[in-house]
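The values are calculated or read from the model by the stated rules, or taken from the named source; none is laboratory data. None of the values given here were measured: they were computed from a predicted structure. Because the Cβ atoms are built from the backbone with ideal geometry, glycine has one as well, and the counts that use them run over all protein chains shown.
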């Protein structure tokens, strides 16, 4: 019976810990309401994983305490003295998570939301300290004379839940939809140069620097020697959707509306944007406890680059950008990143959501059919198994979709001749996720010599494939054209805890991650570029810099800055500003 009472107290402690994590989710997602119909499913989802794991942890601690104690104690079914100790642990962990998540997501929150979350973290920290004092009182006086301390423990528990929620507020309504363009901006006189933008997921400038210095990436080396380069600070959560939206709009998630690549929903509750960091929260999605709803282009609350340029009369061609489905009409063409095979275009209505105008859909379908006929398989763009990680497999499996995107972009560029060409490549990111440990064995320590010989060249080969793509882009440039190579985020070794978790989930190959926001980079090459390495910039600086290059004003409501230091023009070119490109 004693051990059942220990279990009942452990369950209560686990429920308290789960409730604290619900509070953290609500802090990170101020648009969620506090209705019971919303909080109930969220608490159950979190309780299934975190509540049960905390219950096990607390039960082990209680049993160990009983085993080492000189006097055996039999707790009540609900022991305030015991629960105060468990609440001290749970509140301390919750406070630590709040401060860590505030550090992670604070720069991406509205100032008011960040301030409210800071207040909530202060209250939780204070309650954890008070719990500790009360636990020491219980320990000193035992059951005698501890009624006051027990009452204070209950009040502290209520305060630890209610005060952070009170600081957070009932609900912050989400911002409205994307605003329509309503600005008349004239183009500078004369012929505008052409711009090619290559967006690369998961590329690291440090890796490129070393490989280019050894002569293994000649085209990257050409840009590093004759162009400008800089690291780019990225955003968190570091996912393609929010990062590339920040790049395309020049605005942080609080302004552009895209805080994560997907929305999450627990049971029948409201959808929310952000899962907490530093607590393996995406395990809820991996196990299907929390549903994931992939975002679409309707999530944007700000105009991307191609809409801004279209409204001033500059034609743009975009291929493979995230959150671009359903596509919409621009001055040029757009092909979504959701294209996976020719069968995606089987129905005209579906084709209209994947590519615009219709001839762009026809070109994309034709390229896909040709590639699939040659390979006798569907283009995958996924990680090859370790057993077949040869050069052909790397190119087919990792870069199948990227090579299709390149060919589609080239054919549409030849057909429509846009002023600005934008194409995104994703294969390098997949290569980094699965093969970083073999290219950087010292960071992992458990890579055998045989594994390094077999797979150590996979990631360098992936970079070489991207280098060849950049070489083809360089060859297409005119003397006054500009090439921008942008990596929205880099790649770094997966932590030991995450590696063990991936192995437990049957995904032991995973070794690279970008969840902690490793820097991306910006490379610029062309006649107007001043060569050299520049100081660190941000992903939101890309659009203002490009607007400045075209002689267009930068919007005051953009979060980024124009990096004028990478250009050299015959005549001085001051930065001009307008309030916004949106109504």
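Counting just the residues of the range 307-324 that are closer than 21 Å to residue 410 by Cα and in a loop (DSSP other than H, G, I, E, B), which one comes out modelled with the lowest pLDDT?
Here the residue is 324.
Which residues, counting only those in the range 440-454, are in contact with a helix residue (DSSP H, G or I) (Cβ under 8 Å, 6 or more places away or on another chain) and at pLDDT 85 or above?
441
For residue 560, indicate whether it is assigned to a loop (DSSP other than H, G, I, E, B), modelled with pLDDT of 90 or more and over 30 Å from residue 574 (Cβ atoms).
No.
Mind listing whichever residues of the range 244-264 are outside any loop (DSSP other than H, G, I, E, B) and touching a strand residue (DSSP E or B) at 6+ places or on another chain (Cβ under 8 Å)?
Within the range 244-264, 244, 247, 248, 262, 263, 264 qualify.
Quick one: residue 478 ticks every box in (1) over 25 Å from the mean Cα position of the chain (by Cα); (2) not in a loop (DSSP other than H, G, I, E, B) except a single one, so which number is it?
In the conditions (1) over 25 Å from the mean Cα position of the chain (by Cα); (2) not in a loop (DSSP other than H, G, I, E, B), residue 478 misses (2) alone.
Of all residues in the range 481-493, how many are part of a strand (DSSP E or B) and modelled with pLDDT of 95 or more?
Of the residues in that region, 6 qualify.
Among the residues of the range 346-379, which ones are in a helix (DSSP H, G or I), modelled with pLDDT under 80 and over 29 Å from the mean Cα position of the chain (by Cα)?
Passing the criteria: 348, 349, 371, 372, 373, 374, 375.
Could you say whether any residue in the range 11-28 is in the same structural domain as residue 125 (by TED's automatic domain parsing) and over 28 Å from residue 120 (Cβ atoms)?
no
Tell me whether the range 380-397 contains one or more residues that are modelled with pLDDT of 75 or more and either touching a helix residue (DSSP H, G or I) at 6+ places or on another chain (Cβ under 7 Å) or under 18 Å from residue 472 (Cβ atoms) (or both).
No, the range 380-397 contains no residue that is modelled with pLDDT of 75 or more and either touching a helix residue (DSSP H, G or I) at 6+ places or on another chain (Cβ under 7 Å) or under 18 Å from residue 472 (Cβ atoms) (or both).
What is the number of the single condition among (1) on the phi < 0 side of the Ramachandran plot; (2) in contact (Cβ under 8 Å) with a residue 40 or more places away in the chain that residue 526 does not meet?
Of the numbered conditions (1) on the phi < 0 side of the Ramachandran plot; (2) in contact (Cβ under 8 Å) with a residue 40 or more places away in the chain, the odd one out for residue 526 is (1).
Every residue in the range 499-523 that is in contact (Cβ under 8 Å) with a residue 12 or more places away in the chain and closer than 22 Å to residue 455 by Cα, please.
499, 509, 510, 511, 512, 513, 514
Give the residues of the range 108-134 that are over 22 Å from residue 258 (Cβ atoms) and without any contact (Cβ under 8 Å) to a residue 12 or more places away in the chain, sorted by residue number.
Matches in the range 108-134: 115, 122, 126, 129, 133.
Return the only residue of 98, 124 being in a helix (DSSP H, G or I), closer than 30 Å to residue 251 by Cα, touching a helix residue (DSSP H, G or I) at 6+ places or on another chain (Cβ under 9 Å) and at pLDDT 95 or above.
Answer to the selection: 98.
Quick one: count up the residues across the range 408-427 that are at pLDDT below 95 and under 25 Å from residue 490 (Cα atoms).
Residues flagged as at pLDDT below 95 and under 25 Å from residue 490 (Cα atoms) within the range 408-427 amount to 2.
From (1) assigned by TED's automatic domain parsing to the domain that holds residue 244; (2) touching a strand residue (DSSP E or B) at 6+ places or on another chain (Cβ under 8 Å); (3) modelled with pLDDT under 90, pick out the condition that doesn't hold for residue 583.
(1)
Given the conditions (1) touching a helix residue (DSSP H, G or I) at 6+ places or on another chain (Cβ under 8 Å); (2) under 20 Å from residue 201 (Cβ atoms); (3) assigned to a loop (DSSP other than H, G, I, E, B), which single one is not true for residue 575?
(2)
Filter the range 234-278 down to residues that are out of contact with any helix residue (DSSP H, G or I) (no Cβ under 7 Å at 6 or more places or on another chain) and closer than 19 Å to residue 305 by Cβ and give me whichever is surrounded by the most Cβ atoms within 10 Å (Cβ to Cβ).
The selected residue is 244.
What about residue 460, is it assigned to a helix (DSSP H, G or I), surrounded by fewer than 20 Cβ atoms within 10 Å (Cβ to Cβ), assigned by TED's automatic domain parsing to the domain that holds residue 528 and modelled with pLDDT of 85 or more?
Criteria met by residue 460.
Given the criterion in contact (Cβ under 8 Å) with a residue 24 or more places away in the chain and assigned by TED's automatic domain parsing to the domain that holds residue 563, identify the matching residue among 496, 466.
Being in contact (Cβ under 8 Å) with a residue 24 or more places away in the chain and assigned by TED's automatic domain parsing to the domain that holds residue 563 holds for just one of 496, 466, which is 466.
Out of 170, 131, 141, report the one residue that is more than 30 Å from residue 518 (Cα to Cα) and either surrounded by fewer than 12 Cβ atoms within 10 Å (Cβ to Cβ) or modelled with pLDDT of 95 or more (or both).
Matching residue, one of 170, 131, 141: 170.
Within the range 497-529, work out how many residues are touching a strand residue (DSSP E or B) at 6+ places or on another chain (Cβ under 8 Å), outside any loop (DSSP other than H, G, I, E, B) and crowded, with 18+ Cβ neighbours inside 10 Å.
Residues meeting the conditions: 10.
Among the listed residues 335, 316, which satisfies the condition of being in contact (Cβ under 8 Å) with a residue 40 or more places away in the chain, in contact with a helix residue (DSSP H, G or I) (Cβ under 6 Å, 6 or more places away or on another chain) and over 20 Å from residue 580 (Cβ atoms)?
335
Of everything in the range 437-457 that's in contact (Cβ under 8 Å) with a residue 40 or more places away in the chain and not in a helix (DSSP H, G or I), which residue is nearest to residue 397 (Cα to Cα)?
Selected residue: 440.
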